[in-house]
Amino acid sequence: MKHGVYRLPSGVLVVDVQSDLLSPTNTRVVVPLIPSIDPKGSQPRRLTPIFEVEGQKVMLLPLQMAAIPLSELGHHPLRMLTEDEAYAVRGALGVLFEGV
C-alpha cells in the first residue's frame, strides 16, 4: 500500500512508494529507512527527510530505492505515513529524479 511503512523479514524498514494504481503486480518499489544520522556532504536535507517509526527516528534513503517481491512486505503496514510525511517523501523523490 503506497505510503505504508513495512518491516521486511530482514528487519529493514521501508516505505512503499509505488502507485496503488499499478496493482496487482509481483513487486513494489520501496525506499529504505535507516536510523537517523547527520549526513555529511552536499546532499540537500530534502533528500533524506526524518520520520519516527516505533519510537525511533529514521531517515529516508531514496538513493537505495528498489523493487522487491510483494511477498516481502507482508499484509499490513506498521503504520501509514501522515500527509506531511508523504509530502516529504514526494519531495525527496523530486530531488532524486529532477534535482528540485
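General remarks:
- Rounded to 10°, Cα long-axis angle of helix 83-98 versus longest principal axis of the chain: 70 degrees
- Segment VAL12-LEU63, length gained on full extension (0.36 nm per residue, minus Cα span): 16.8 nm
- Rounded to the nearest 20 debye, the dipole size of the chain about its Cα centre is 180 debye, using +1 on the Cβ of Lys and Arg and -1 on the Cβ of Asp and Glu.
- Between GLU54 and GLU98, the FRET efficiency from the beta-carbon distance, with R0 = 30 Å, is close to 0.40.
- Where only DSSP H runs of four or more residues are counted, the chain gives -5500 deg cm²/dmol as its mean residue ellipticity at 222 nm, each run worth -39500 (n - 2.57).
- The chain: Cα Rg divided by the 2.2 N^0.38 Å rule of thumb: 1.02
- Most positive-pole-ward Cα, ALA88, LEU63, VAL17, against dipole of the chain from beta carbon charges: LEU63
Only the coordinates and a few stated rules stand behind these numbers; no lab work does. Predicted model, so just to flag it, every value in this text is computed and none were measured. No Cβ is skipped: glycine too gets one built from the backbone with ideal geometry, and neighbour counts run over all protein chains shown.
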